[in-house]
1. Quick one: which of B:Ser157, B:Ser197 is assigned to a helix (DSSP H, G or I) and surrounded by fewer than 18 Cβ atoms within 10 Å (Cβ to Cβ)?
2. Are there strands (runs of 3 or more DSSP E) fully within region A:1-100 with at least 2 residues that are surrounded by 21 or more Cβ atoms within 10 Å (Cβ to Cβ), of a type outside the set (Ser, Thr, Tyr) and at negative phi? List them.
3. Is it the case, given these coordinates, that A:Leu122 is among the hydrophobic types (A, V, I, L, M, F, W, C) and part of a helix (DSSP H, G or I)?
4. So which of A:Val167, A:Val176, A:Val194 is out of contact with any helix residue (DSSP H, G or I) (no Cβ under 8 Å at 6 or more places or on another chain), within 28 Å of A:Trp108 (Cα to Cα), of a type in the set (Val, Ile, Thr) and in a helix (DSSP H, G or I)?
5. I'd like the full set of residues that are hydroxyl-bearing (Ser, Thr, Tyr) and either closer than 22 Å to B:Asp13 by Cβ or within 12 Å of chain B (Cβ to nearest Cβ) (or both), limited to region A:91-145.
6. Which ones in region A:133-145 are in contact with a helix residue (DSSP H, G or I) (Cβ under 7 Å, 6 or more places away or on another chain) and either within 20 Å of B:Leu75 (Cβ to Cβ) or surrounded by fewer than 22 Cβ atoms within 10 Å (Cβ to Cβ) (or both)?
7. Looking at A:Leu88, A:Leu53 in this structure, which one is modelled with pLDDT of 95 or more and facing chain B (nearest Cβ under 8 Å)?
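The values are calculated or read from the model by the stated rules, or taken from the named source; none is laboratory data. Keep in mind it's a predicted model, so treat the numbers as computed, not measured. Cβ placement follows ideal geometry from the backbone for every residue including glycine, while neighbour counts extend to all protein chains displayed.
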Amino acid sequence: MNDLCVQFDGVSKRYKHFSLESIDLQLATGAVMGFIGANGAGKSTTIRILMGLVHQDEGAVQVLGHPMPADQAAAKLDIGFVSEDMRLYGAATLAWHMAFLRPIYPRWDQAYADSLLLRFDLKPEQKIKGLSHGQRVKAALLLALARRPRLLVLDEPTTGLDPVARVEVLEELMAVLADEDRTILFSSHNTKDVEQISDRITFIDRGRIIDCDDKESFLDRWRRLRLVLPPDGVVPRLPDIVQVGGSGRLPVLTTNRFEPAMVSVCNDMGATVQAVDTMTLEEIFVANVHSRRERLTA
Amino acid sequence: MNYAMVRSLIFKDWYFQRKAILLSLAGGLASLGIVIFGGNVGFYIGLIFLITIMIAIGATLVMGTLVGERENQTLAFVMSLPVSYREYSTAKILGNLLIFVPFWFTLVAGSVALIVAAPTIHGLFAFTVIMAVEILTSTCLMIAVALVTESKGWTISAMMVGNLGINVVGYIVAHVPGIKDGMFGTVIQWRPAATISLAIEFALIALFIVGAFYIQSRKKDFL
């Protein structure tokens, strides 16, 4: 039995000014994956390929056991999709949208939709064009969740929201997700949003997956070592150092495979380790992207 | 083919266009009234209104149901539903035709009935039928271009080509010997030239629809 909800094997898509190259991606059933990349990194293209809305030039994509894009209609029956560039019909009410979707999705859960209306503080009789941006995002989430999807795909749902609305949406989303065991792919360029809800993280940059691991592993293995060198001392050469920053006698080494033994190795080489700093996911992402770009240009 | 899904998408488009359609239908029937009761001047003014309304409703439909999905960013919502490209294309082509044709047919039937009922204009029968089908052809061109390109610019261009086509076809048909003769007479005539004209128009309609399906089936990016 295949317990992968999403599987990309060597997927490529080429445009005139951008290409997605050799994407290998696995999302296990029940996992919550944060998909992080800068604007234009290829997140939305990857997600569109996942949804069958863009056809890959090479490679194979399986979603919920369906080959994509060939079997997209069957796959999409079990997917809830909310995207930053998706709009609902402004002239219609939320109630109309629910009535429209109800007969399409056999697992549509009206009781759950009603509970989400209360939780999200939405009025079904209000027209979509009268809603704030935050309310529209919540409405789209409600419509996606009430389908009881096996896979929830959220493509930058918090982009463009003011800070208050963003926190509200994320809080509501986390509360809702705590209810159930769903497979989720959450893409964003905002690492803080992703960090809150994800247990697995994938970084994408310039059309390539650059790293993928459990969130805790990322946070455990990335460290910054702040050193003090003796006069005329040199920066210790350690394995798995992805970046060397700082200046002069105060270098800062960034490693993606931290081992406590690194401290003693530095000390043995004459450098004093002043501090070993943990890194936020945002710092890890930025360091990861920079080190890759430096390697490419070297 | 998931016909239930296709039906849902067609009903959705009808729901959002219903006011424009019903308003246009009322305008079209009023124009027919002007044609019938407006005397000589009213006949021509009513006819112009009627043709304008038929062209306008076709354009409104296409802009609202096809170009509008892209412009209003609702296409992502529609394409996130359990629908394939083929079902989406079918829903859009069939939906536009199912919404437009009854409206068009009502006004054309009214016009034809008027001609049949008024012996003095019996000669206009063939010309009227050909021009009515030309309006349908022009609408199909707009539907095909809008579906394939989803672009306002291209759709407006198709609209202009269609409208020019109506004028050009009107001029040509009015000068085709088999139709011109007796056009202002009092006898209903249907000659081979009229049949050929209709056959060409229906062939064009088929070409536009089949062509749109073909291009859609080769598309690789739907968003």
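1. Matching residue, one of B:Ser157, B:Ser197: B:Ser157.
2. Strands (runs of 3 or more DSSP E) meeting the threshold: A:4-14, A:19-28, A:32-37, A:58-63, A:79-83.
3. The answer is no for A:Leu122.
4. On inspection, the qualifying residue turns out to be A:Val167.
5. A:Thr93, A:Tyr105 - these are the residues of region A:91-145 that are hydroxyl-bearing (Ser, Thr, Tyr) and either closer than 22 Å to B:Asp13 by Cβ or within 12 Å of chain B (Cβ to nearest Cβ) (or both).
6. A:His133, A:Gly134, A:Arg136, A:Val137, A:Ala139, A:Leu141, A:Leu143
7. Matching residue, one of A:Leu88, A:Leu53: A:Leu88.
Here's the yes/no breakdown for (1) within 16 Å of the chain's Cα centre (by Cα); (2) in a helix (DSSP H, G or I):
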{"position": "B:Leu107", "(1), (2)": "yes, yes"}
{"position": "B:Gly123", "(1), (2)": "no, yes"}
{"position": "B:Ile130", "(1), (2)": "yes, yes"}
{"position": "B:Thr137", "(1), (2)": "yes, yes"}
{"position": "B:Ala146", "(1), (2)": "yes, yes"}
{"position": "B:Ile172", "(1), (2)": "no, yes"}
{"position": "B:Trp190", "(1), (2)": "no, no"}
{"position": "B:Ala203", "(1), (2)": "yes, yes"}
